[in-house]
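One structure is given below, encoded as structure tokens.
The values are calculated or read from the model by the stated rules, or taken from the named source; none is laboratory data. Since we're looking at a predicted model, the values are computed, not measured. Counting neighbours? That spans all protein chains shown, and the Cβs are built from the backbone with ideal geometry, glycine included. These area figures cover heavy atoms from the full protein model, side chains too; ligands, DNA and RNA do not enter into them. Shrake-Rupley method; radii C 1.70, N 1.55, O 1.52, S 1.80 Å.
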Amino acid sequence: MKNTTYLRRNWQIYALLMLPVIYFLIFKYGPMYGVQIAFKEFNFFEGIAGSEWVGLDIFREVFQSNDFFKALRNTLLLNLLDLIISFPAPLILAIMLYELRIIWFKKFAQTILYVPHFISWVIIGGIVLQVFGTESGFINNLLTGMGLDAIPFLSNKHYWLITYLLVGVWQSAGWGTILYLAALTGINKELFEAAEVDGAGRFKKIFHISLPGIKTTIATLLIINLGNMISIGFDRPFIVGNVAVRDYSEVLSTFVYRVGIESGQISLATAVGLFQALVGLIFLLGANYASKKLADESIL
């Protein structure tokens, strides 16, 4: 079939595809024009084009800042702990849900797990304060009512770290569970039936059929998570964090907000953002290369 005939018959598909392409061009590639601010002493009145070119001076200033390295350390530490604790949680939950045979309970459990993902971080911040607050939190009110000491969940660095990780697992596990469940339903049911005939138990079916059947999904999500090691969402550390634990809750995204928006140092914030993007790309490519070599799975 000639290209012109093919296009005449299927032009609607290409027309629909143009909408997301235009979106990415305008909102993803268009703003890249502003990256040059990282190499200029940005002046609001002269604009991007008129601002003075200073080369790598802004980056030298960034790398001489103790606050930057503190935010970088916290970002890597929180992401690493998230990877260790939050990454396996949805996989385990998905396998547990997949093994359930009582349909109504399975749907009920799925709903309970999915709902937190759709709750705004502002509302979650209020819930965290109501549950874990030192003076007014539900848990500490219960403890003090029993004659025990209150636990500083939000003001002590160790308790805050545990609270931060648990809140992250609670909020994000449902979304990951959806992805793994979708992958599990794609596994051929005849494999499980054949394994049962051969006398395989539940755990053998999980380790020899379920997990190998979704290894592509596991590898893809792991690569994406490793690629995001240097970047971190703004909402969670900003909402859950506070002044008492700022030395541990200050991450690159909140650092960029503080120096860029609150202090008006746009060039400095852009340089940090560009550094995040470049290092994140290196992490992503490295994880993709390692996954391809070790497990023959990759996304590029």
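Structure values in brief
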quantity: Point-to-point label distance, Glu196-Val35, nm (Cα→Cβ direction, 7 Å offset); calculated: 5.4 nm
quantity: P(r) of the chain over all Cα-Cα pairs, binned every 10 Å from zero, in whole percent; calculated: 5, 18, 24, 25, 17, 8, 2, 0, 0
quantity: Sites Ile112 and Leu81, calculated FRET efficiency, Cβ-Cβ separation with R0 22 Å, nearest 0.05; calculated: 0.35
quantity: Sulfur and carbon atoms: percent of accessible area, the chain [1.4 Å]; calculated: 67 percent
quantity: Where labels lie 7 Å past Cα in the beta-carbon direction, separation of Asn242 and Leu25 in nm; calculated: 4.9 nm
quantity: Built amide H within the under 5 Å cut-off of Lys40, gap 5+; calculated: Val54
quantity: For Ser65, solvent-accessible area (1.4 Å; no DNA, RNA or ligand), Å²; calculated: 30 Å²
quantity: In the chain, lysine pairs with alpha-carbon atoms under 30 angstrom apart (chain gap of 8 or more, or interchain); calculated: 26
quantity: Range in the chain, longest, excluding exposed chymotrypsin sites (Phe, Trp or Tyr not before Pro) [loop by DSSP; at most 10 other beta-carbon atoms within 10 Å]; calculated: 46-300
quantity: Gained length - Arg101 relative to Leu211, 0.36 nm times residue gap less alpha-carbon distance; calculated: 37.7 nm
quantity: Estimated distance in nm for a label pair at Ser136 and Arg8, the labels positioned 7 Å out from Cα along Cα-to-Cβ; calculated: 7.0 nm
quantity: Calculated FRET value between Val279 and Asp235, using beta carbons and R₀ = 22 Å, to 0.05; calculated: 0.55
quantity: Per residue accessible area in Å² of the chain, where ligands, DNA and RNA are left out and the probe is 1.4 Å; calculated: 62 Å²
quantity: By accessible area with a 1.4 Å probe, ligands and nucleic acids excluded, highest first: order of Glu190, Glu250; calculated: Glu190, Glu250
quantity: For the chain, the longest site-free run once trypsin sites (Lys or Arg not before Pro) in DSSP loop states with at most 14 other Cβ atoms within 10 Å are removed; calculated: 102-300
